[in-house]
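Trainee: Just passing along the structure, written as structure tokens.
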Amino acid sequence: MKTLLLMRHAKSSWEDENLDDHDRPLSKRGRRAAPRMGRLIRDLGLVPDFIVSSTAVRALGTARMLAAECGYAGIIREDPSLYAAPDNAYAAALRRLPKQVVRPLIVGHNPAVETLLRRLTAVDMHVPTGALAQITLPDGPWAAMECSPVGHLEGFWKPRDLPEG
């Protein structure tokens, strides 16, 4: 079995209304949440072996802070196709993963994150900012992955449900 970690970026800031949406940074709450989710990943033994992130500043910030906290030492692939994209762009990103990857983390945006979660697991739920889903998927090459309900939602965590620290 493979494990997909699917995450919506942490809370972004709306302080500077002149910033383009792509360039919005994490808010204070987001900067606290991302490392918290990284510690959760580390503590659960779910450190990814590959990370793909939207190029949006808030998504990359989430991915970088989470990676540092969980002990991920690899590269973070910046994928511009994940910004303001439909869920099929996320499915395409999964199909582009290196074949040796067994536990990727994808950091992106709603509504695509929620739609991909539903398509892979048949679970329809709201994914708030900073939330993380753990999905088990059948073995097989990423390049042949179909976005149909073949996965199982193993875990779902929201930053606000975790202890500070």
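Trainee: Pick from 137, 116, 153, 120: which is over 24 Å from residue 64 (Cα atoms), aliphatic (A, V, I, L, M) and in contact with a Cys (Cβ under 8 Å, 6 or more places away or on another chain)?
Mentor: None of the other options fit; the residue is 120.
Trainee: Can you pull out every residue in segment 1-28 that is assigned to a helix (DSSP H, G or I) and without any contact (Cβ under 8 Å) to a residue 24 or more places away in the chain?
Mentor: Result: 28, single match.
Trainee: Next up: Give me the pairs, please: first residue somewhere in segment 126-150 and without any contact (Cβ under 8 Å) to a residue 40 or more places away in the chain, second residue anywhere and assigned to a loop (DSSP other than H, G, I, E, B), beta-carbon distance under 6 Å, and either six or more positions apart or on two chains.
Mentor: Sorted first by the residue in segment 126-150, then by its partner, the pairs are 149/122; 150/138.
Trainee: Determine, yes or no, whether residue 87 is touching a Ser or Thr at 6+ places or on another chain (Cβ under 8 Å), at pLDDT below 95 and crowded, with 17+ Cβ neighbours inside 10 Å.
Mentor: yes
Trainee: Of the residues in segment 37-81, how many are in contact (Cβ under 8 Å) with a residue 40 or more places away in the chain, out of contact with any strand residue (DSSP E or B) (no Cβ under 8 Å at 6 or more places or on another chain), within 18 Å of residue 133 (Cβ to Cβ) and surrounded by 21 or more Cβ atoms within 10 Å (Cβ to Cβ)?
Mentor: The total comes to 0.
Trainee: Which of the helices (runs of 4 or more DSSP H) contained wholly in segment 52-165 include at least 3 residues that are among the small types (Gly, Ala, Ser) and closer than 24 Å to residue 42 by Cβ?
Mentor: The qualifying helices (runs of 4 or more DSSP H) are 57-70.
The values are calculated or read from the model by the stated rules, or taken from the named source; none is laboratory data. All values reported here derive from a predicted model rather than from experimental measurement. Note that we place each Cβ from the backbone using ideal geometry, even for glycine, and neighbour counts take in every protein chain shown.
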